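**Student:** Before we start, here is the structure in question, set down as structure tokens.
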Ligand code: IPM
Ligand code: MG
């Protein structure tokens with residue numbers, strides 16, 4: 001019998017109501033019995049944590065995050081905290097978790113469920129069967145480079161600086177993750193950078209090329225400029241298998257890729273650290289790609305599927321529970337096949353349900369599929 005320690009960080013906005021549905025699924029697995037059980041702790045993060053403690057994540061929560069087998073994260077931010085100083089803002093909590101736990105590898109799958117191909121803004125034939133994995137570097141680049149500041153010049157003007165920095169080692173470790181994953185999928189990696197403009201792009205291109213030579217896995221490597229990659233994603237997305245890219249380009253390209261599948265409300269992600277030398281275990285945080293959606297928060301309108309699928313990724317990548325992860329994926333697919341939709345993926349002839357209703361249906365499908 002294995003007990004898995006989960007830290008739940010619902011955060012703000014729809015993060016809170018989506019996490020409620022994940023807790024119901026955790027309870028389902030615990031009630032069912034079997035070799036795996038879960039213990040959960042829930043803590044504040046983001047704006048909710050600022051309101052209570054004036055920081056976006058506390059040191060106590062960081063210690064729990066460090067000790068957890070997996071962290072399930074909701075979403076952070078919203079206009080309520082627009083006035084909060086930049087250093088304290090809700091997003092700082094998520095960035096601290098990523099940086100302090102060294103979660104450098106962010107996996108963002110963009111998969112188009114057949115039932116949703118018509119919900120995409122692209123034509124069905126362009127997206128049907130789409131299965132892209134974006135591997136985004138998550139602890140370096142423009143997000144964390146120093147200096148990062150706004151200074152006032154002698155003439156009274158202000159000057160803002162962000163710095164993009166990458167070292168050989170940082171590029172090597174993320175591209176190795178991409179090669180390993182591609183070898184288990186479509187065997188092709190596109191590496192996206194801006195070597196025509198940026199020094200970090202020149203180094204990125206060089207290190208990726210050398211790492212590929214040394215890797216010898218037989219994975220096919222293509223280099224692509226990041227702006228062309230954005231264009232190709234909306235022109236012919238099915239040409240891609242795995243895309244590896246830096247932190248900032250990865251942020252932008254993954255939103256574009258996500259929307260191809262019909263809705264941001266569908267997509268999970270995993271942020272992984274390096275395997276521990278002794279145990280082989282990776283620190284890991286799982287979160288939906290979507291944000292806190294303050295405009296629809298608290299109204300039972302949010303789509304909980306991305307957060308539920310993030311929990312599914314935790315089962316698969318951190319907890320060695322692939323059977324249960326498959327079960328969650330099958331339950332989601334069957335509910336979509338039945339025609340149930342939250343507002344974000346609603347189409348003619350389908351049945352609209354709320355966050356709770358979607359949770360009810362997924363639980364019912366889980367119960368049915370697991371008998
Ligand atoms: C994401 C989000 C975050 C990011 C924000 C909330 C800081 O957009 O995970 O893609 O920019 O990385
Ligand atoms: Mg983003």
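The values are calculated or read from the model by the stated rules, or taken from the named source; none is laboratory data. Quantities reported herein were computed from a predicted structural model and do not represent experimental measurements. Note that each Cβ is placed from the backbone with ideal geometry, even for glycine, and that neighbours are counted across all protein chains shown.
Every residue, every condition in (1) assigned by TED's automatic domain parsing to the domain that holds residue 52; (2) within 16 Å of residue 141 (Cα to Cα); (3) surrounded by fewer than 16 Cβ atoms within 10 Å (Cβ to Cβ); (4) modelled with pLDDT of 95 or more, yes or no:
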residue: 84; (1), (2), (3), (4): yes, no, no, yes
residue: 89; (1), (2), (3), (4): yes, no, no, yes
residue: 95; (1), (2), (3), (4): yes, yes, no, yes
residue: 98; (1), (2), (3), (4): yes, yes, no, yes
residue: 101; (1), (2), (3), (4): yes, no, no, yes
residue: 104; (1), (2), (3), (4): yes, yes, no, yes
residue: 118; (1), (2), (3), (4): no, no, yes, no
residue: 122; (1), (2), (3), (4): no, no, no, no
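**Student:** Considering only the range 241-251, state which residues are under 21 Å from residue 122 (Cα atoms) and touching a helix residue (DSSP H, G or I) at 6+ places or on another chain (Cβ under 7 Å).
**Tutor:** 241, 242, 243
**Student:** So, one more: In contact with a strand residue (DSSP E or B) (Cβ under 6 Å, 6 or more places away or on another chain) and not assigned by TED's automatic domain parsing to the domain that holds residue 103: does that describe residue 242?
**Tutor:** Answer is yes for this residue.
**Student:** Which of the following residues is buried (at least 17 other Cβ atoms within 10 Å of the Cβ), on the phi < 0 side of the Ramachandran plot and either part of a loop (DSSP other than H, G, I, E, B) or more than 16 Å from ligand 2 (Cβ to nearest atom) (or both): 367, 330, 297?
**Tutor:** 297
**Student:** Further question on the same structure: Among the numbered criteria (1) more than 18 Å from residue 271 (Cβ to Cβ); (2) loosely packed, with under 14 Cβ neighbours inside 10 Å; (3) in contact with a helix residue (DSSP H, G or I) (Cβ under 9 Å, 6 or more places away or on another chain), which single criterion is violated by residue 14?
**Tutor:** (2)
**Student:** Which condition number does residue 291 fail, the rest of (1) within 12 Å of the chain's Cα centre (by Cα); (2) farther than 16 Å from residue 131 by Cα; (3) crowded, with 22+ Cβ neighbours inside 10 Å; (4) within 15 Å of ligand 2 (Cβ to nearest atom) being met?
**Tutor:** (3)
**Student:** Which pairs do you get when a residue that is under 13 Å from residue 35 (Cα atoms), found in the range 312-325, comes within reach of a residue that is assigned to a loop (DSSP other than H, G, I, E, B), reach meaning Cβ atoms under 9 angstrom, with the pair 6+ apart or on two chains?
**Tutor:** Close Cβ pairs (under 9 Å, with a partner that is assigned to a loop (DSSP other than H, G, I, E, B)) amount to 319/69; 324/34; 324/370.
**Student:** So if I check each of 245, 261, which one is within 16 Å of ligand 1 (Cβ to nearest atom) and modelled with pLDDT of 95 or more?
**Tutor:** Exactly one of 245, 261 is within 16 Å of ligand 1 (Cβ to nearest atom) and modelled with pLDDT of 95 or more, namely 245.
**Student:** Go through the range 273-288 residue by residue and tally those that are more than 16 Å from ligand 2 (Cβ to nearest atom) and buried (at least 22 other Cβ atoms within 10 Å of the Cβ).
**Tutor:** 2
**Student:** Same structure again: What are the pairs with Cβ atoms under 6 angstrom where one residue, in the range 231-252, is more than 18 Å from residue 175 (Cβ to Cβ) and the other, located anywhere, is assigned to a helix (DSSP H, G or I) and within 15 Å of ligand 1 (Cβ to nearest atom)? Sequence gap at least six, or different chains.
**Tutor:** 233/256; 233/257
**Student:** Across the range 130-154, which residue is nearest to the chain's Cα centre (by Cα) among those that are exposed (fewer than 12 other Cβ atoms within 10 Å of the Cβ) and outside any strand (DSSP E or B)?
**Tutor:** 153
**Student:** May I ask you to list the residues in the range 177-202 that are crowded, with 18+ Cβ neighbours inside 10 Å, assigned to a helix (DSSP H, G or I) and free of Cβ contacts under 8 Å to residues at least 60 places away in the same chain?
**Tutor:** 179, 200, 201 - these are the residues of the range 177-202 that are crowded, with 18+ Cβ neighbours inside 10 Å, assigned to a helix (DSSP H, G or I) and free of Cβ contacts under 8 Å to residues at least 60 places away in the same chain.
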